[in-house]
Amino acid sequence: MLSHKECVAMLLAGGQGSRLYALTSKIAKPAVPFGGKYRIIDFPLSNCINSGIDTVGVLTQYEPLVLNDYIGNGQPWDLDRMYGGVHILSPYQAKRGSEWYKGTANAIYQNISFIKSYNPKYVLILSGDHIYKMNYDKMLQEHKEKGADVTVATIKVPIKEASRFGIVNVGDKNRIVEFEEKPANPKSDLASMGIYIFSAEKLYKYLEEDEQKTDTSNDFGKNILPTMLANGEKMFAHIFEGYWKDVGTIDSLFEANMDLLGPNPSFDISDRAWLIHSKNPIAPPHYIGEKGSAKGSIVALGCEIEGTAENSVLSANVKIEEGAIVKDSVIFSGSVIKKGAIVCNSIIDENVVIGENAKVGSEELPRKIAVLGCGAKVFENEIIEAGKIVEGNR
Amino acid sequence: MDALGIIFSNIHDESLPELTAYRTTASIPFCGRYRLIDFALSNMVNSGMTKVGVITKSNYQSLMDHIGSGKDWDLARRHGGLIILPPFGVKESTSLYNTRLEALKTATGFLSKSTEEYVVLSDSDAVCSMDYTELLSYHNDNNADMTLVYFKANAERIDGNNNLQLIVDNDGRVADMAFNVKKDMGEVCLYANICIMRRTMLLNLIQDAVSHGKTHFAADILAANVNHFKIYAYEHQGYFTRISSLQSYYDESLKLLNKENRDSLFGSGGIYTKVKDSVPTTYGTDSVVNNSLIADGCTIEGKVYNSIIFRGVKVGKGTVIKNSILMQGTMIGENATVNCIITDKNVIVKDRRLLSGSLNHPFFINKSTVI
């Protein structure tokens with residue numbers, strides 16, 4: 001009965017996320033906080049459990065401490081299982097030697113024995129840096145119905161922007177006929193989301209073959225998929241409809257947070273039928289004082305707001321003192337904005353202290369996001385200009 | 001800390017008929033996202049206790065639903081952890097127990113099988129933040145048989161009838177106890193219904209009381225033994241409340257809008273509660289919120305003053321909420337006015353309704369009522 005799992009998910013969470021600069025100085029990209037009480041990895045993990053996939057390998061490599069600690073035994077996502085559940089897979093030493101994960105495909109290759117221990121029919125490959133709600137089971141059903149060897153999740157993007165993405169050109173029944181990486185003249189508006197379902201045997205075969213090659217960057221998008229296409233394997237595109245955002249840059253992370261705001265947010269996470277699970281903070285309800293306000297904002301537990309927050313995302317235990325103004329900004333947990341300080345168009349990492357009457361960021365357009373790293377201190381009356389990135393341990 | 005905990009969950013149900021119509025005293029919602037029992041449980045966990053028995057009697061579905069396996073309090077343990085002690089039918093008693101002592105009798109099996117040296121007894125409605133390791137060292141420093149926790153209160157402001165006054169001598173020893181508090185006594189020491197003693201001592205006391213047909217814990221065990229045992233008193237400073245009536249529920253809740261009280265209750269160890277994975281609260285662009293505590297998962301479009309808003313409450317545009325406590329899932333429509341109201345869970349108040357109680361007589365709306 002329980003001798004195998006139909007589908008095992010492998011979540012690529014080892015990337016540094018260098019384009020998030022100070023935010024990922026000490027933590028892996030998937031552990032970056034998002035939306036007041038989440039971390040980016042909550043989205044793929046919640047999608048897994050909500051889609052009925054209860055076996056997830058999380059491949060970590062870069063600064064895994066916070067991420068490992070956060071995932072723990074997987075209990076917040078109901079992934080603490082006797083059989084299956086969430087597993088942290090880090091690079092390891094072996095008889096053949098030891099090596100870091102060289103690319104996305106190599107990372108999976110090094111953990112084939114983990115996958116095989118569950119003897120799955122299908123393997124779902126996920127990225128740890130996307131914000132979206134997706135039912136992977138729909139994609140899996142499509143994969144099965146079509147008898148595909150691999151299914152690539154895609155999303156329609158405006159054709160003008162298509163040249164920023166990996167584009168998938170499809171034929172009859174969405175069968176994939178061509179991949180184009182950031183094409184100058186895109187032929188289709190279907191962008192690959194970096195989410196794949198492989199039939200397990202095909203995955204093993206192509207991963208092993210790829211390892212034998214020398215001229216490969218061991219990457220799914222660059223090597224594995226094009227090789228499979230060239231060999232005429234059955235590859236289909238699954239068209240995902242809904243909100244999806246790659247939050248690999250400061251601007252996109254900022255935009256994704258802003259997408260949660262407003263009366264009809266572009267990304268609605270309040271639907272209890274598709275809950276995003278997370279490790280909840282231990283904190284009392286937030287308090288808004290006599291002169292406080294939080295217009296157009298979302299506010300998590302434990303905040304104390306005596307000043308003004310407007311159109312912002314406040315994570316747990318943020319303090320905004322009297323007379324301080326936070327506008328169009330994202331504040332991670334435990335940060336303190338002292339009296340009279342003004343914060344605008346900024347992302348403030350955890351446990352930052354912004355001194356009295358300091359000014360961080362500016363309202364000027366075009367918007368340039370100022371970033372303060374974890375634990376940064378801004379002195380009284382100090383000015384941090386728009387778009388400036390301040391490392392945490394300066 | 002080498003102690004186990006016992007929490008009484010139904011203990012004062014009768015003084016809170018409105019709030020306990022569908023639940024135990026232990027599971028009364030409090031301060032936006034908690035149930036009363038969270039405080040007693042969290043104090044035990046934060047003091048390093050890993051085994052807690054919860055004595056239940058009736059209406060305890062909501063309590064079971066809330067505490068589950070105890071994992072949100074770190075009490076889902078292979079050894080010890082959270083143990084529910086429902087009424088245990090034995091030959092000699094065919095009805096449910098009525099007093100604390102009879103309740104403890106049902107816990108004798110649990111107590112005698114345990115190996116912990118000490119036991120901390122707490123009522124589920126004792127709301128405070130307290131470190132029991134300090135209580136234990138005080139207990140041991142005095143070489144006491146029993147140590148009772150008390151708090152100071154002004155006799156004039158005491159209501160309800162569950163008041164046990166401790167008369168404490170200069171050494172901190174309990175010299176006498178009184179069951180009635182006269183209004184003109186000024187500041188008095190009231191028993192907080194939290195005490196510590198050796199586990200074996202509690203077992204002996206229960207055995208002895210049962211064989212002598214005694215039923216009243218405070219009168220027959222505590223008061224009767226003031227001279228016989230070394231009973232010491234330990235003062236809890238900072239926010240403390242017992243919910244003794246709907247009015248006190250209202251007053252004590254709103255006291256938490258005061259920062260000093262909030263810091264006293266939440267500042268030290270953190271209070272655990274059932275995790276619901278609610279989203280953060282969303283504020284509309286026209287929202288106004290003053291001096292209020294607001295939990296997760298709410299959508300606030302209107303105006304909220306001096307109020308406590310639980311998880312998942314919706315307040316529509318143009319609506320004004322004042323001096324009110326809105327429990328989980330309450331939906332208030334648009335352009336309504338709500339003043340001095342306590343809504344139980346999932347109450348719906350439609351557009352343009354006007355509801356008002358008064359500060360010394362809040363109006364209570366039953367669970368799932370539609371107005």
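Every number in this text was worked out from the coordinates using simple rules, so none of it is lab data. Keep in mind that what you see is a predicted model, and the values were worked out from it rather than measured. Methodologically, a virtual Cβ is constructed for each residue, glycine included, from the backbone with ideal geometry; neighbour enumeration extends over all protein chains shown.
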Here FRET efficiency (C-beta to C-beta, B:N154 to B:K367, R₀ 25 Å, nearest 0.05) is 0.15
A correct fewest-to-most ranking of B:E116, A:E382, A:E161 by other Cβ atoms within 10 Å would be A:E161, A:E382, B:E116
Which whole-Hz ³J(HN,Hα) couplings does the stretch A:293-307 yield from phi under the Karplus relation 6.51 cos²θ - 1.76 cosθ + 1.60, θ = phi - 60°, glycine and proline marked x? 7, 9, 4, x, 10, 10, 10, 9, 4, x, 6, 10, 10, 9, x
When chain A is modelled as a GNM with alpha-carbon springs shorter than 10 Å, which of A:F43, A:F379, A:F332 fluctuates the most? A:F379
Restricting things to Cα coordinates, could you compute the convex hull volume per residue of the stretch B:46-87 in Å³? 70
Intensity falloff of the stretch A:131-186 expressed as log10 I(q)/I(0), Debye formula with alpha-carbon point scatterers, at q = 0.13 Å⁻¹: -0.40
Counting other beta carbons within 10 Å of each residue's own, what order do A:R19, A:R272, B:R100, B:R78 fall into, fewest first? B:R78, A:R272, A:R19, B:R100
When only Cα pairs under 8 Å and 6 or more residues apart are kept, what is the percent relative contact order across chain A? 14
What is the mean number of Cβ atoms from other protein chains located within 10 Å of the Cβ atom of each residue in peptide B:269-275, rounded to a whole number? 3
Taking θ as phi - 60°, what are the ³J(HN,Hα) couplings along the stretch B:101-113 by the Karplus curve (6.51, -1.76, 1.60), each to the nearest whole Hz, with x for Gly and Pro? 5, 4, 4, 5, 4, 5, 9, 5, x, 4, 5, 6, 6
List every residue whose amide H lies under 5 Å from the amide H of B:Y232, counting only residues 5 or more places away in sequence or on a different chain, with H placed 1.01 Å from N in the peptide plane. B:D145, B:M146, B:T147, B:L148, B:V174
For B:Y138, B:Y132, what's the fewest-to-most ordering of other Cβ within 10 Å of each Cβ? B:Y138, B:Y132
Set the bar at 32 Å for Cα to Cα. Now go through A:K205/B:K71; A:K102/A:K173; A:K138/A:K319; B:K276/B:K317 and name every pair that lies beyond it. A:K205/B:K71; A:K102/A:K173; A:K138/A:K319
Given the C-alpha atoms of the stretch A:135-222, compute the convex hull and give its volume per residue in Å³. 106
Residues B:T99 and B:R77, FRET efficiency given R0 of 35 Å [Cβ-Cβ distance, rounded to 0.05]: 0.70
Which value in nm describes the separation of the simple spin-label points at A:I383 and B:N227, placed 7 Å from the Cα toward the beta carbon? 8.1
Quick one: give the max-minus-min coordinate of the C-alpha atoms of the stretch A:236-285 along each principal axis, largest first, in Å. 47, 29, 24
Other-chain or far-sequence residues with amide H under 5 Å of A:V170's (modelled H): A:V177
Can you grab the distance from the C-alpha centre of the stretch B:16-67 to the C-alpha centre of the stretch A:38-89, Å, no decimals? 31
Cα gyration tensor of the stretch B:282-365, axes a ≥ b ≥ c as square roots of the eigenvalues: rounded (a/c below 1.5), prolate (a/b > b/c) or oblate? rounded
P(r) tail fraction, the stretch A:78-119 - alpha-carbon pairs more than 14 Å apart, %: 56
If one computes the Cα centroid of the stretch A:324-338 and of the stretch B:250-305, what distance in Å separates the two points? 18
For chain B, with a Gaussian network of springs between Cα atoms less than 10 Å apart, report the residue from B:N143, B:N46, B:N170 with the top mean-square fluctuation. B:N170
Between B:T115 and B:K317, 0.36 nm times their residue separation minus their Cα-Cα distance comes to what? 66.9 nm
Using modelled amide H (1.01 Å from N, peptide plane; none on Pro or chain starts), what sits under 5 Å from the amide H of A:A386, excluding residues fewer than 5 places away? A:G361, A:S362
If you average over every viewing direction, what projected area does the convex hull of the Cα atoms of chain A give, in nm²? 20.7
³J(HN,Hα), Karplus 6.51/-1.76/1.60, whole Hz, each residue of the stretch B:342-355, x for Gly, Pro: 10, 9, 6, 4, 6, 6, 10, 10, 7, 3, 6, 6, 10, 10
If you line up the long axis of helix B:132-141 against the longest principal axis of chain B, both from Cα atoms, how many degrees apart are they, to the nearest 10? 30
Is the C-alpha gyration tensor of the stretch B:3-266 telling us rounded, prolate or oblate? Criteria: a/c under 1.5 is rounded; beyond that, a/b larger than b/c is prolate, otherwise oblate. rounded
Can you give the FRET efficiency for A:Q212 and A:K144, using 1/(1 + (r/R0)^6), R0 = 35 Å, r = Cβ-Cβ distance, to the nearest 0.05? 0.70
GNM of chain B, Cα pairs under 10 angstrom: of B:Y283, B:Y250, B:Y118, the biggest fluctuation goes to B:Y283
Let me know the volume per residue of the alpha-carbon convex hull for the protein assembly as shown, in Å³. 199
Stokes-Einstein D in µm²/s, Kirkwood radius over Cα pairs - the stretch A:19-59 at 25 °C with 0.890 mPa s viscosity: 216
Average the reciprocal distances over every distinct pair of alpha-carbons in the stretch A:175-240, invert the result, and give the Kirkwood radius in Å. 13.0
